[in-house]
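Beneath this line is the structure, given in structure tokens, with notes to follow.
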Amino acid sequence: MSLVIKNLHARVKDGAPILNGINLEIPKGEVHAIMGPNGSGKSTLSKVLCGHPDYEVTAGSAEMDGQDLFAMSVDERSRAGLFLAFQYPVEVPGVTNANFMRAALQARLPKGEELEAVAFYKELRGKMKELGIDPKFTARAVNEGFSGGEKKRNDILQMMMLNPSYAILDETDSGLDVDALRIVSDGVNAMRAPFRSFMVITHYKRLLDYIRPDVVHVLYNGQIVKTAGFELVDHIEQHGFDFLKTEEL
Amino acid sequence: MDFPDSMSMEEAFALAEAEAKLNAALAESKARFENAVIPDRLNEDWRFGRPHKYARELAELLQSNTPCTGSAEVQGCDEEAVIINADDDDLKQTEMLMPTIGSDALLGLHLKRFGNGYALYLEKSYDSPIIINYRSSGLYTPSTFIMAAPGVHAHIIENIHCENGATIFAARNIQVAEGAKLKVELHAFCPGVEQVQGRCMVITNVQNMGGEVRHLTNFLNLDWAREETVAEIYAEGSDTQLYSSNTPLEHMVLDQHTRQVHHVGKAVSNLLYKNVLEDKTTATFAGNIYVAPGAHNTDAYQSNRNLMISEYATVNSLPGLEILADKVRCSHGSASGPMDEEQLFYLLSRGIPRHEAHQLIALGFVEEVDNKFNAPF
Ligand SMILES: Nc1ncnc2c1ncn2[C@@H]1O[C@H](COP(=O)(O)OP(=O)(O)OP(=O)(O)O)[C@@H](O)[C@H]1O
Ligand SMILES: [Mg+2]
């Protein structure tokens, strides 16, 4: 059971290619870190996997536990267990956090079954407390007027509520203060399980010190150019990405 | 004219002067009804409004011997609510003086059918909303008069039920005295949602004499809805807010015209009209802000936004400004466009099916209006 990406090529619709043959396998239960310079294609990879309409897959495949991701609509992928915590979570005016979460959970129930409101609110409140989110945020419009860190936390809250099998965290650490970083990391660590895996995109070691990855990849020019253990994080932290230019890849 | 015994000479003169003014205004109004023509293609205020169909058919119905049949009821305000009858000259005069936006002739025909509806004289505050229901399944021409005395707080909900393809043409006059805080919401709709039907035209005149007034309109499930709302600001320090939120369906034609008239300065008016357009709906918005000479330090804003869900929907948005004073802060804006792709993707990426995601975003779009209207004073 794993997320398997093979020779994935994608481009902006009618535009330049961005992903140039990604090969990556993330087995269930593992945490993989993806690092790489700005503009190398990390967010594009995560959005392509979720089915963002800006991009077009020109070659390759992506399978989640044997299911062809690219044959599914965006919402089907989510219900099948894929989750993306956005680098820039989107503001949705007028739609409250509670209604948004309720709709997402309701969509996961069999036809004709109603979400149990009391249990839902109890769970939502509980998870908000865990993440240090003010209970008032249930009635606020999704991310509207939220600070950068509040948006990131809200995305993690959604992940906790939706219980995905494959979660992609795109620079979740950026914008979080030191305490929030620890709280969010604790939340992610508590979710680590044999039936779940994480793709953690980040620029910084401090997040990976909390959420210790099993494997570290470097994405560059739309390709995975290096895969190693945690020592690669240390190397990048000290020397940056210069090795990409000098090293024989 | 009756002069009370205790009246001073100055007071008597003032009263006589006021009466002369009123008579002049009434004479002028009489002339305006006599000279007015049924709106046609040449009427700028009916641009995009299909007057040859809607104005003409309404006029023909009003001129025919089709009787006015409708019922009126009020809840939550028993004592001060007066049912209007045809020989109430004061109220009739008030309606005669109401401005329209291109529909003097139609208002004249409404006056010929004058004699049903409610007048609410609000002398004290109300904690719970006052609800007025007008219902008809034929032709109906109710009038509503709301007068909020100084300092009064009240919330009025006016429902117009256009049943079985009814034509309801309402005239409304709302007067807000100094320090009063008044919320008035109007909902005109065809009950039952099988398919849109019924026509509704509403002419409203809001007169703000130094209070805070919020006015909201909402038209739903109708064939045709036309709104003409003129807000007149007569006192410094007054705050006038005009709102509308609509989610028209099928082939509904929504035709909204507004005017914010600042007769004096140092007052605020704010307009926010938002629509979500589906199917083959048409929405026209023509708004005008008028700042009279000398009405300095006016703050007036106007915004019309349309979310186009369907590519077959049509929007005509015509905001306008006419500013004849100095140190005025005015802005107007209109924006119409399809659903934001990033918002939609965000909802889809959480597993919310496309249809529900559309609905959530659309409701959220108009929710802003309801939230502002309902925010605590
Ligand atoms: N919708 C788009 N339209 C045009 N260019 C795009 C689009 N999406 C991505 N790109 C381009 O593709 C490249 C990769 O972008 P991407 O956001 O995936 O980078 P990243 O690795 O996530 O960078 P960062 O570390 O800065 O977040 C960039 O050059 C970017 O400008
Ligand atoms: Mg990125």
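The values are calculated or read from the model by the stated rules, or taken from the named source; none is laboratory data. Model, not experiment: these values are computed from the prediction. Neighbour counts are summed over all protein chains in view; Cβ atoms, including those assigned to glycine, are modelled from backbone coordinates with ideal geometry. What goes into the accessible areas is simple: the full protein's heavy atoms, side chains included, and nothing from ligands, DNA or RNA. Shrake-Rupley method; radii C 1.70, N 1.55, O 1.52, S 1.80 Å.
So here's what we get for this one:
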| quantity | calculated |
| --- | --- |
| Ellipticity estimate at 222 nm from DSSP helix runs (n ≥ 4, -39,500 (n - 2.57)) divided over chain A, nearest 500 | -10000 deg cm²/dmol |
| Charge-dipole axis of the protein assembly as shown as Lys and Arg at +1 and Asp and Glu at -1 on Cβ define it, positive-most pick from A:F195, B:Q241, B:L272 | A:F195 |
| Label-point gap, in nm, between B:D127 and B:L97 - each point 7 angstrom along Cα→Cβ | 3.6 |
| Set of aspartates and glutamates near B:K30 by C-alpha distance (under 19 Å), chain-local residues within fewer than 8 positions excluded | B:E19, B:D87, B:D88, B:D89, B:D90, B:E95, B:D104 |
| Longest to shortest principal axis, alpha-carbon extents of the range B:97-161, angstrom | 37, 28, 19 |
| Rg/Rh for chain A, where both radii come from Cα atoms and Rh is the Kirkwood radius | 0.96 |
| Local net charge near B:P338, Cβ-Cβ under 13 Å (Lys/Arg +1, Asp/Glu -1) | -4 |
| Chain A: DSSP helices with Cα axial extent of at least 15 Å and average Kyte-Doolittle hydropathy no lower than 0.5 | A:178-191 |
| Debye, to nearest 20: dipole size of the range B:19-337, +1 on Lys, Arg Cβ, -1 on Asp, Glu Cβ | 680 |
| Percent carbon-and-sulfur accessible area, chain B, ignoring ligands, DNA and RNA, probe 1.4 Å | 49 |
| Relative contact order (percent, whole number), the range A:117-187, Cα cutoff 8 Å, 6+ residue spacing | 39 |
| Antiparallel bridges, percent of DSSP beta bridges restricted to the range B:19-337 (to nearest 5) | 5 |
| Alpha-carbon Rg with Dmax, taken over the protein assembly as shown, Å | 30.9, 109 |
| Separation between Cα centres of the range B:107-137 and the range B:253-310, rounded to whole Å | 24 |
| Å³ per residue enclosed by the Cα convex hull of the range B:158-206 | 61 |
| Assigned charges on the beta-carbon of Lys, Arg, Asp, Glu; the protein assembly as shown dipole about Cα centre (debye) | 1680 |
| Within a Gaussian network of chain A (alpha carbon springs, distance under 10 Å), most fluctuating of A:M199, A:M128, A:M72 | A:M72 |
| Cβ charges +1 (Lys, Arg) and -1 (Asp, Glu), total dipole of chain A, debye | 500 |
| Residue pairs, from the table B:K92/B:K112; A:K152/A:K226; A:K152/B:K372, whose Cα atoms sit over 19 Å apart | A:K152/A:K226; A:K152/B:K372 |
| Å² of accessible area per residue within the protein assembly as shown, as computed with a 1.4 Å probe and no ligands counted | 43 |
| Summed residue charge, Cβ within 12 Å of A:D134's Cβ, Lys/Arg positive, Asp/Glu negative | +4 |
| Calculated log₁₀ intensity ratio I(q)/I(0) where the Debye formula runs over C-alpha points of the range B:1-152, q = 0.08, 0.10 Å⁻¹ | -0.32, -0.50 |
| Count, lysine Cα pairs under 24 Å in the range A:68-151, 8 or more residues apart or across chains | 7 |
| Charge dipole (the range A:136-178, unit charges on Cβ, about Cα centre) - positive-most of A:M159, A:T138, A:L169 | A:T138 |
| Distance in nm between pseudo-label sites at B:S71 and B:S6 (7 Å out along the Cβ direction from Cα) | 4.5 |
| Counting all C-alpha pairs of the range B:19-337, share separated by more than 31 Å (%) | 26 |
